[in-house]
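Any read-out appearing in this document is the output of simple, stated calculations on the displayed coordinates, not a laboratory observation. Nothing here was measured: the structure is a model prediction, and the numbers come from that model.
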Amino acid sequence: MTLPLLVDTRLIPIEGILHSEQPNALFERLARFEIYSLPAEKYQRLLRQNWRKFVAEAREQDFVYVFECCFLQNPATTLFAYHNLPAETVRQHILALADIVRPLAPKLVYLSRQDVGATLAAARRERPPEWADFVTWYLTGQDYGKAHNLSGFDGVIAFYAMRQAFELDVLKTLPLSSAVIVDDGDWSARYEALAAFLGNPVGAAIHRCDHVCQA
């Protein structure tokens with residue numbers, strides 16, 4: 001899904017610990033795209049290649065693309081959980097992606113959670129047991145989880161807390177415009193802050209794209 005150009009950007013990545021992902025969609029994506037289980041170097045190379053292709057196409061179109069979890073969450077989760085790469089290696093990969101997308105003047109929105117455990121507990125209550133089982137296995141039963149002795153849902157919380165801290169730290173050095181929206185206070189205040197950041201007047205339509213980029 002694309003949007004008519006409303007702001008001075010062609011790309012709005014939405015990142016953070018999101019609460020809207022449907023569990024079945026997650027399973028289907030992981031099953032459908034084998035890129036997540038490729039060797040780390042090939043995975044990173046294909047991501048860079050796909051982002052370059054996307055940027056070349058997007059520069060020729062007058063649309064705003066809104067991508068959820070593509071820029072930080074997906075690569076960070078894969079490179080940490082599956083490959084257990086050093087944080088600096090993951091950071092350099094994300095910086096390389098940032099350099100690729102800079103021609104689109106991206107405005108990155110990061111939804112930060114003050115209480116990661118509470119957010120995940122709420123998600124767990126709302127979703128079928130299969131979701132928690134899969135996430136627990138993915139984050140604790142692979143290279144990172146084994147190396148850090150993670151187990152159970154507490155291990156899931158520990159991983160997400162680590163990932164959020166890492167991503168917030170990476171944001172400080174990204175050569176992109178970004179805004180951290182913390183989950184405190186009235187949502188209307190957060191909406192106003194988001195609208196101001198995007199250069200969109202309060203009350204104008206801000207649409208969300210449910211399509212997740214496989215770049």
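Starting from the Cα gyration tensor of segment 29-167, take the square roots of the eigenvalues, sort them a ≥ b ≥ c, and report rounded, prolate or oblate (rounded when a/c is under 1.5, otherwise prolate if a/b is larger than b/c, else oblate). Before the final figure, lay out each step's value.
Working: a/c = 1.93, a/b = 1.57, b/c = 1.23.
Prolate, because a/c is 1.5 or more and a/b exceeds b/c.
Taking amide hydrogens as placed 1.01 Å from N in the peptide plane, the amide H of LEU11 sits under 5 Å from those of TYR65, LYS107, each at least 5 positions away in sequence or on another chain. Distant-in-sequence amide contacts of ILE181, defined by a placed amide H-H separation under 5 Å and a gap of 5 or more residues or a different chain, comprise TYR110, LEU111, SER112. For a straight C-alpha distance cut-off of 21 angstrom, the lysines reachable from LYS107 (same-chain residues fewer than eight places away being disregarded) are LYS53, LYS172.
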